[in-house]
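Worksheet: one structure, shown below.
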Amino acid sequence: MPAESMTTSERSYLQEGGRFKGVFSWIFTTDHKRIGILYLASIFTFFSIGVIIGLLMRLNLIEPGRFISERTYNSLFTVHGVIQIFLFIIPGIPASFGNFFLPIHLGARDVAFPRLNIFSWWLYISGGALVILSIFLPGGAPDTGWTFYAPYSIRTTSNVSLAASGIFIVGFSSILTGLNFVTTIHRLRAPGMTWFRMPLFIWSLYATAWTQILATPVLAITLLLLILERSFGIGFFEPLKGGDPIMFEHLFWMYSHPAVYIMILPAMGVVSEIFPVFSRKNIFGYKAVAFSSLGIAFFGYLVWGHHMFTSGMSDISRVIFSLITFLVAVPSGVKVFNWIATMYKGSVRVDSPLLFCLAFIFLFSIAGLTGLIIGTLSLNLYLHGTYFIVGHFHYTMFGGAGFGFFAGLHYWFPKMFGRMFNERAAKIAWLIMFIGFNILYFSMFLLGLQGMPRRYFQYLPQFRMNHILSTVGSWILAAGLLIMFGNLIRALFRGEKAPANPWGGSTLEWTLPSPPGRENFRETPVVRGGPYTFE
Amino acid sequence: MFIPEASNSARYVDAAFLVIVGISVALLAGVTSVMLFLIFRYKRRRGTKAEQVEGGTALEIIWTVIPVVLVLVMFVIGERSFRLIRSAPREIMTIRVDARQWSWMFGYDNGRQSDQLRVPLGKPVKLRLSSRDVLHSFYVPAFRIKEDCVPGMETYLWFTPQQQGSFDIFCTEYCGLGHSGMLAKVVVMPEKEFDEWYAGAGAKGNRGLQLLLEKGCLGCHTTDGTLKVGPTFKGIYGRTVTVVTSGKERTITVDGDYLKRSVLDPGADIVKGFPPVMPKIPVTPEELDAIEDYLEHLR
Ligand code: HEM
Ligand SMILES: [Cu+2]
Ligand SMILES: [Cu+2]
């Protein structure tokens, strides 16, 4: 047990703040682990705000107008969407767990550009602050939906420009993090860490990082054009001035579809780590899982038009986008099959991280299959712009990426904080969340099939039942979230000390003490085999 | 299924839906049950050890090729039905759909205008969609059709109504404050009844009401006392209201002058509790008189 004995002799990264003291030892740190924790805390904060707004929307929808006005509702779904997408789920796993574990997984001491790394967090937090500011400044919170479709986004007097500037800045944080990761993976792998010995989490971050670098500039340009148009009336998108609103949609989705893969790929990476450890078995089809990440990232660029099947775009382009959309579903399916096959002949222990992965597979399968439904051209004419879409993307981003995030949170919590959480409470929270989630969002599929449009403050009587059901689900889910976070926050202060390797993992982070020391490895490790070797 | 199948396209869409949902449910059930089976079968027990299996090329190929075939089947089903839904027959009646914040207006070839889409049963109809301001989307769930209304561009939809009755029209592209109130109805009538209505003497109707409709006033105001984005017109004349004039509150009684000023300069007096969103809508003095006259008598 060499790892165990190190704990006593070495100060952990939590104690070793570097040049500064207190808060400053965090916000001026260049330690990738501390930066990971900074992101984790900020992401948790934004997520909580987003969830509270979500609950308020659901509250309105049991009795429209009773608690919340029309104008407020329109801002609520806009701000909810902006926060959950740009401040929670896109930075989500890469910025928190990625920052913390990418160098360790590679056997490195830090990322390639540590200062750029903390600068990225500053950008992120300033952008986030602008978004929050846009809610409170006079002019009113943005009310366009998170998609900012023109020309409404040009004409509204609400604080759209401010929120867009915030997202613009957050976008740069994302690009820089991507750059940092790609460089680190290329340059800082420990001796013997060949490409095919890298943990699959790293493969997924690698594919994600390229998407962040290549796609995010498109968003930046789109938002810049929008801000210029709002400020100077230039006329890129405003038809009264010869602009084209459909061009805005193309530009917006050219980023925002690949962004869906920025959200989901890292979660897939987390799941690929957890299945082998809890089955005590090598991953089934390592190369298939690794290459499918790259495949998804690449084909993900070519399908943005499936958000525009009813936009007035030409029929032939609709057909082509539909075809590619169907094909991009296949690599995700391949991953699911490989994860499941990993358990075959394994020795499976169902602890909380694995439970979250199982929920991930189930919810993400529903997301993917409903994705096929709305990718079908004729069905899209029926379901686009309805609650079916709202159900679908919550299954993808929350059921998929969100539950993947929670899986990683439970898996790595002992390593990051050196404490164990209460496993029983974690399982109870999981069950409540799983049930609440499905009630909340499955009823949205039913609403969509009934024809209920999204972004509606009020609705006709035939939709009432399912709306009430959905709201009740939101309360159950919220209760589960409270238990989960309560359990983890309690563990931060009261949890038992975590051993170096509580789950019996075989990647490099588990050779370090919990929590790891400032420099990660005393001596650069030499890698002699694949990432998932169990005796 | 969940809602009436009231047009030709509804049949195609629902048939495609059944096939694709069928495949999807089978896949989901398969994945979930294999997953659960493996968890129980290979549960960690004392004395048992995992057997290392690295993967299998044959399996990888199988579970890549089968999904590819399945999704291609789905694609073809969707594409076929899409073609049918999009190709309008030559002989067809066309109706203009004019969307604006936050109302629909339907214009017929003989100049007739209506806030409800009236169509004859069993006759194909083509809609030419356009918008006067921002994006909207024309959606009739019972017909399973939808298309955006884009300012500066014309888009289209067509359908053959196959069930008599009245069906909801929704706007499904977010368009600002009153988006969720941007509703209307398709009324499918027997052909004879439709013809009578189409040619009918009521075609002109009340000039004031016709203007409220054409100018889009009824997108936000109602004539039956219900509340939309703005105050209702019902009983407006002589009503006592509190308005905010350049930041100050005052109480006034609605008269002809007030009504006219509200149309010509909507920002001047804002009725307390309502958002200041009314646009300046161009009207001629003669039109304004007709509107005022109509409102004065709307009890
Ligand atoms: C308890 C948690 C949540 C609840 C109760 C909730 C509820 C809702 C509801 C009711 C809407 C639809 C509003 C409408 O169309 O009128 C909505 C929209 C949305 N939600 Fe959530 N949500 C939750 C969590 C999340 C998470 C975790 C994400 C992303 C990771 C997310 C992303 C979005 C997005 C992108 C929209 C679309 C906003 C728009 O239409 O512009 N939500 N949510
Ligand atoms: Cu997409
Ligand atoms: Cu609308």
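The values are calculated or read from the model by the stated rules, or taken from the named source; none is laboratory data. Predicted, not measured: the structure shown is a model, and the values here were computed from it. Here the Cβ is made from the backbone with ideal geometry for all residues, glycine too, and neighbour counts use every protein chain on show. Ligands, DNA and RNA are stripped out before the accessible areas are found, and what is left, the full protein with its side chains, is counted by its heavy atoms. Shrake-Rupley method; radii C 1.70, N 1.55, O 1.52, S 1.80 Å.
Residues are listed down the side, and each one gets a yes or a no for (1) farther than 30 Å from B:S87 by Cα; (2) open to solvent by less than 70 Å² (accessible area, probe 1.4 Å); (3) not assigned by TED's automatic domain parsing to the domain that holds B:K123:
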{"position": "B:E154", "(1), (2), (3)": "no, no, no"}
{"position": "B:T160", "(1), (2), (3)": "no, yes, no"}
{"position": "B:G181", "(1), (2), (3)": "yes, yes, no"}
{"position": "B:V186", "(1), (2), (3)": "no, yes, no"}
{"position": "B:E193", "(1), (2), (3)": "no, no, no"}
{"position": "B:Y198", "(1), (2), (3)": "no, yes, no"}
{"position": "B:G235", "(1), (2), (3)": "yes, yes, yes"}
{"position": "B:T240", "(1), (2), (3)": "yes, no, yes"}
{"position": "B:T253", "(1), (2), (3)": "yes, no, yes"}
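Where residues in segment A:287-310 are over 14 Å from A:S256 (Cα atoms) and in a loop (DSSP other than H, G, I, E, B), which of them is nearest to ligand 3 (Cβ to nearest atom)?
Among those residues, the one meeting the criterion is A:T310.
Name the helices (runs of 4 or more DSSP H) wholly within segment A:29-106 that hold at least 3 residues that are more than 27 Å from A:S12 (Cβ to Cβ)?
Fully inside segment A:29-106 and qualifying: A:32-62, A:70-82.
Kindly indicate the residue of segment A:487-528 that is open to solvent by 40 Å² or more (accessible area, probe 1.4 Å) and in a helix (DSSP H, G or I) and also farthest from ligand 3 (Cβ to nearest atom) among those meeting that condition.
Checking each candidate, the answer is A:T511.
Please enumerate the residues belonging to segment B:280-292 that are surrounded by 12 or more Cβ atoms within 10 Å (Cβ to Cβ) and at pLDDT below 85.
Residue satisfying the conditions is B:I281 alone.
Being among the hydroxyl-bearing types (S, T, Y) and more than 8 Å from every other protein chain (Cβ to nearest Cβ) narrows it down to one of B:S7, B:S24, so name that one.
On inspection, the qualifying residue turns out to be B:S7.
Evaluate the following for A:L223: is it in contact (Cβ under 8 Å) with a residue 24 or more places away in the chain, open to solvent by less than 10 Å² (accessible area, probe 1.4 Å), assigned to a helix (DSSP H, G or I) and within 16 Å of ligand 1 (Cβ to nearest atom)?
yes
What number of residues in segment A:374-391 are open to solvent by less than 10 Å² (accessible area, probe 1.4 Å) and facing chain B (nearest Cβ under 10 Å)?
Here the count works out to 11.
Quick one: in segment A:52-71, which of the residues that are more than 10 Å from ligand 1 (Cβ to nearest atom) and touching a residue at least 12 places away in the same chain (Cβ under 8 Å) is most open to solvent (accessible area, probe 1.4 Å)?
Looking at residues that are more than 10 Å from ligand 1 (Cβ to nearest atom) and touching a residue at least 12 places away in the same chain (Cβ under 8 Å), I get A:R71.
For segment A:351-399, what are the residues that are polar (S, T, N, Q) and closer than 25 Å to A:T471 by Cβ?
A:T370, A:T386, A:T396
Of the residues B:L183, B:L129, which single one is in contact with a Ser or Thr (Cβ under 7 Å, 6 or more places away or on another chain) and either within 19 Å of A:G451 (Cα to Cα) or more than 8 Å from chain A (Cβ to nearest Cβ) (or both)?
After applying the criteria, what remains is B:L129.
Restricting the search to segment B:255-279, which residues are open to solvent by less than 60 Å² (accessible area, probe 1.4 Å) and without any contact (Cβ under 8 Å) to a residue 24 or more places away in the chain?
B:Y258, B:S262, B:P266, B:G267, B:A268
What are the residues in segment A:148-183 that are within 14 Å of another protein chain (Cβ to nearest Cβ) and open to solvent by 10 Å² or more (accessible area, probe 1.4 Å), if any?
If the condition is that a residue be within 14 Å of another protein chain (Cβ to nearest Cβ) and open to solvent by 10 Å² or more (accessible area, probe 1.4 Å), then A:Y149, A:Y152, A:I154, A:R155, A:T156, A:T157 are the ones that fit.
Give the residue, chosen from A:I366, A:I373, A:I361, A:I389, that is part of a helix (DSSP H, G or I) and within 16 Å of ligand 3 (Cβ to nearest atom).
A:I389
What's the number of the only condition in (1) out of contact with any Asp or Glu (no Cβ under 7 Å at 6 or more places or on another chain); (2) on the phi < 0 side of the Ramachandran plot that A:G418 fails to meet?
(2)
Name the residue that is farthest from B:V125 (Cα to Cα), counting only residues in segment B:27-47 that are open to solvent by 40 Å² or more (accessible area, probe 1.4 Å), part of a helix (DSSP H, G or I) and facing another protein chain (nearest Cβ under 8 Å).
Checked segment B:27-47; the qualifying residue farthest from B:V125 (Cα to Cα) is B:V34.
Please find, within segment A:306-343, the residue that is most open to solvent (accessible area, probe 1.4 Å) out of those that are small (G, A, S) and over 22 Å from the mean Cα position of the chain (by Cα).
Here the residue is A:S314.
What number of residues within segment B:140-174 satisfy the criterion of being in a strand (DSSP E or B), free of Cβ contacts under 8 Å to residues at least 40 places away in the same chain and at the interface with chain A (Cβ under 7 Å from one of its Cβ atoms)?
Result for segment B:140-174: 7.
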